[in-house]
Structure formats: structure tokens, C-alpha cells
1. Given the peptides 334-344, 253-263, 436-446, 353-363, arrange them by the average over their residues of other C-beta atoms within 10 Å, most packed first.
2. Please compare each pair in 181/261; 78/273; 314/422; 196/273; 305/430 to a cut-off of 22 Å on the Cα-Cα distance and tell me which ones are over it.
3. With the full set of protein chains in place, find how many percent of the accessible area of segment 257-321 is carbon and sulfur; take the probe as 1.4 Å.
4. Measuring from label point to label point, each 7 Å out along Cα→Cβ, what is the residue 259 to residue 185 span in nm?
5. Which percent of the accessible heavy-atom area of segment 409-463 goes to carbon and sulfur, probe 1.4 angstrom?
6. Counting only heavy atoms of the protein chains, get the accessible area per residue of segment 188-250 (1.4 Å probe) and round it to a whole Å² value.
7. Kirkwood hydrodynamic radius of segment 182-303 from all distinct Cα pairs, in Å?
Amino acid sequence: MEIWKNVQKHLPDWLLNSIGGKPPTEALEPANVPTTGDTHLQLASASLRQLLEDARIPDTIRSTLSEDYAQVRAMLDKLEHGHLHIAVFGRVSVGKSSLLNALLGKTAFSVSVLHGETRSVNMQQWEEYADGGLFLIDTPGINEIDGEARERMAHEVASRTDLLLFVVDSDLTDVEFQALKIVAAAHRPILLVVNKADRYTEDEQRQLRSILRTRTQGVIAPENIVFTTAQASRQSVIFIDEDGTERDGIRERPLNVGALKARLWDIVEAEGKTLAALNASLFAGDLSNALGQRILAVKRELGAKTIRLYCLGKGIAVAFNPIPVADLVAAAMIDAGMVVHLSRLYGLSISRNEAGDLVRTVLAQMVLLMGAVWAVHLVSSALKLGSAGLSTVLTGAAQGAVAWYSTLVVGRVAEQWLANGKSWGDAGPKLTVQQILESLDRDSVLAEAREEILTYVRTTVKG
């Protein structure tokens with residue numbers, strides 16, 4: 001299904017391999033079955049349930065995304081009850097709340113002359129619709145003073161809403177146009193509503209419609225530009241009688257949202273279920289992408305802890321071991337064990353022999369890249385040259401720090417190799433090792449490693 005295709009684009013090969021590469025809901029798409037609004041709803045609901053019930057997602061990730069999961073449950077409930085959400089956006093004072101009240105036929109949303117009266121998201125059921133499944137949502141103005149948080153909240157609503165009403169009262173300002181493009185990025189249908197249309201003559205309305213069609217080409221469909229008057233008004237005018245006598249009078253300007261209602265009904269009747277399903281599918285896809293990124297981040301975090309433990313283990317083994325050649329054996333075993341451990345973490349099987357080959361490849365590249373002097377330093381740390389196999393605490397800690405450093409490089413390179421699906425890719429082992437070496441501050445790593453080993457040694461000796 002489309003959600004899974006979207007997820008696959010963003011997940012690494014190792015993760016796709018670890019979960020089999022196929023969505024468990026693919027059975028819901030039998031061949032030659034026509035897609036209808038009900039079918040779309042069923043597929044979207046199945047996708048949301050899959051996200052909620054997927055046992056492969058670690059508890060740590062679920063905890064981090066608890067708010068997202070709460071929204072998944074709310075959206076699943078919305079789909080099962082056949083609800084459709086319509087939200088309004090726009091600058092302060094363009095009449096968003098008045099427009100919603102006019103659609104509802106009652107005062108349910110706060111209307112005030114105060115700047116920025118709407119301070120939070122408000123939702124009301126539109127009971128005029130046949131099955132009562134429509135809900136209208138008011139949002140704060142996009143140009144509120146100190147309103148960055150409110151603007152983010154409005155855009156968050158956009159990503160959870162099925163249909164958007166972007167309200168203006170004239171030609172688009174730069175602020176409105178930029179906000180419209182950002183909201184349009186949520187890929188929800190948008191109606192551009194020109195409110196306070198009673199301020200314009202018929203000729204002015206035609207000119208404004210033409211300007212807006214040109215400016216929003218590719219963003220708003222021409223049939224989705226609608227003019228409204230959300231509040232009735234009374235205007236003082238001077239009437240001139242047939243005999244030329246002037247007299248004061250009042251002209252009533254009634255509210256007019258008929259064109260907007262008609263367009264909304266057409267969309268809801270023809271595409272309402274599909275819109276709800278599309279919204280849910282986009283949300284599920286976004287959350288799936290977030291899960292993929294979080295899973296990868298958790299894997300890397302656990303991988304970093306694993307590498308650090310092996311660095312400490314190898315550093316201490318080299319520092320304490322008085323037998324020269326045994327250091328080489330211990331070092332090789334520790335590095336190979338680390339690679340096997342990392343492979344399990346990344347969901348890829350690897351044998352001890354394969355791990356040993358990888359370690360030897362990395363170390364060989366390190367020797368080539370780091371030069372002869374550093375290569376001798378690596379070997380001397382393993383063989384304890386110059387100490388006749390009987391290292392002092394300080395000498396052992398220094399040699400252990402070098403061993404720590406080499407294991408850190410091996411671990412980082414192994415992670416890169418595993419993340420690429422047990423492949424060096426186009427870069428090859430030399431460039432991969434070089435990039436890892438350049439990313440590390442060797443002196444600081446050695447200093448930190450030496451200090452940790454000395455701390456461990458002193459604690460052990462006291463014990």
C-alpha cells in the first residue's frame with residue numbers, strides 16, 4: 001500500500017530486512033477490487049491499527065512518541081465514527097470565527113474586536129450536515145504578536161485536518177502567501193475564502209478573483225476560490241428621490257455564505273471519506289517515518305554504548321595483561337565479539353569468521369592511513385614492547401588507551417558497514433575508515449580512555 005511505499009523510502013535496508021520487507025496489511029489489497037471511499041477508510045484504519053499494535057516497536061520509542069500515538073488513537077476513532085474535520089486559517093481580523101459562526105448558524109466561536117481573540121484551537125460540530133459527522137475548527141491568527149508557537153500549532157492542526165479554509169479579506173499579503181504555501185505542504189485540499197466581499201463591487205470582485213487565480217496557480221484550484229460575507233452589516237447611505245430630494249437611510253448588507261456551503265457540500269459528498277482516509281494515511285506515513293528515524297537513533301545510541309563497553313573491556317585487558325602475545329589474541333577476540341554484538345543489534349546475522357575478517361580489514365586500513373609510527377604504537381600497545389611483559393600501571397594505561405582507540409574505530413566502521421547492509425558501498429573500506437578517523441579527535445579520545453582505565457585500575461587495586 002502507499003503508506004508502506006512511503007515508509008520504505010525512508011527506512012534503511014537493515015531495518016527493512018529485519019522486519020521482512022512486507023507490510024502485514026498487504027492482504028487488504030486484493031487484486032481487481034475497485035477502490036471506493038469505504039475501501040480507503042478500511043485501508044487507512046488498518047494502517048493506523050498496524051502502527052498502534054506493531055510489536056516490533058521498542059517501548060522506549062513508544063514512550064518518546066506517546067503524544068503521536070495518542071493522536072493515532074484519536075484519528076482511528078475519528079475514522080471509525082466517520083468524522084470529517086474542516087479547519088480555518090488566516091490573519092487576525094479577517095473574520096475566521098465569524099465565518100464559522102455563519103456556517104453553523106449560531107455563535108459558537110468567540111468573536112471580538114480585540115486583536116488576537118482566538119488564542120487556542122476550538123472545535124464545534126456542524127449539525128446541519130446530514131449525519132452530524134462534520135466538525136469545524138478555529139485556529140489563532142497566523143500573524144499574532146509573539147505568535148510563533150500559535151502558528152506552529154495551526155500548522156500542526158493542518159496536518160491533522162481533512163479540509164482547510166484559508167481565509168483572506170483582500171489580495172494575499174506576503175505573510176499570507178508564505179503561510180499558504182506552508183499549509184499547502186500538508187497536502188490537504190484547500191479552499192481560499194475571500195471574506196468581507198460586501199466591501200467590493202461586482203467588478204472589483206471579478207478583478208480580485210482574477211488576481212488570486214494567477215497568484216495561487218498550482219496551489220489553489222480556481223473553483224476553490226470562494227467569496228463570502230460572514231457578518232451582516234448596516235451601512236448609512238443617502239437616498240435621492242425622483243424629485244432630487246436627499247434623505248438619510250440605512251442599507252442592509254446580509255451575510256452570504258451560500259457559495260461556500262455549496263462548495264463544501266459538493267466536496268464532502270463526493271470525496272469526504274477519501275479525504276478522511278487520505279489525511280489518516282498521510283499522518284500514518286509521517287509517524288512511520290518518525291518511527292524509522294527514532295528506531296535508527298535508538299540503534300545508534302545502543303551501538304555507541306556497546307562500543308564504549310568493548311573499548312573499556314579491551315583497554316583494561318591490554319593494560320592488565322602481562323603476557324605479550326596474549327594481548328593480540330585478547331584484542332582480536334574482543335573486537336570480533338563487538339562486531340557480532342553490533343550485528344545482532346542491527347538485525348543482521350554475521351559469523352565469528354566474518355567478524356574477524358572485518359576487524360582485520362579495518363586494522364589494515366588504519367595502519368595504512370595512520371602511518372608507520374602510529375602503526376608501531378598500535379603493535380607495541382598489544383605486545384607491551386619496552387616493558388618486557390611487565391607493565392607498570394601508567395604504561396599499561398597508556399597502552400590500554402591506544403587499544404581503546406583502535407576498538408572505537410573498529411566499532412564505528414563496523415556500524416557504518418552494517419547500516420549499509422553489510423556493504424562498503426561505493427566508498428570502499430579505505431574511504432570509510434578515513435572518514436571515521438577524521439571524525440575523531442585522537443588526542444582527546446586517548447586522554448579520556450587513559451583516565452577511565454586509570455580510574456578502573458586504582459579502584460580495583462584498592463578493592
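The values are calculated or read from the model by the stated rules, or taken from the named source; none is laboratory data. This one's a predicted model, so the numbers in the text were calculated from it and none came from an experiment. Here the Cβ is made from the backbone with ideal geometry for all residues, glycine too, and neighbour counts use every protein chain on show. Areas reflect the complete protein model, heavy atoms only, side chains present, ligands, DNA and RNA absent. Shrake-Rupley method; radii C 1.70, N 1.55, O 1.52, S 1.80 Å.
1. Packing proxy ranking, top to bottom: 334-344, 353-363, 253-263, 436-446.
2. Result: 181/261; 314/422; 196/273; 305/430 exceed 22 Å.
3. Answer for segment 257-321: carbon and sulfur cover 59 percent of the accessible area.
4. About 3.1 nm separates the two model spin labels.
5. Working: 1410 of 3130 Å².
It is 45 percent, rounded to a whole number.
6. 64 Å²
7. Working: mean 1/r = 0.0528 Å⁻¹.
It works out to 18.9 Å.
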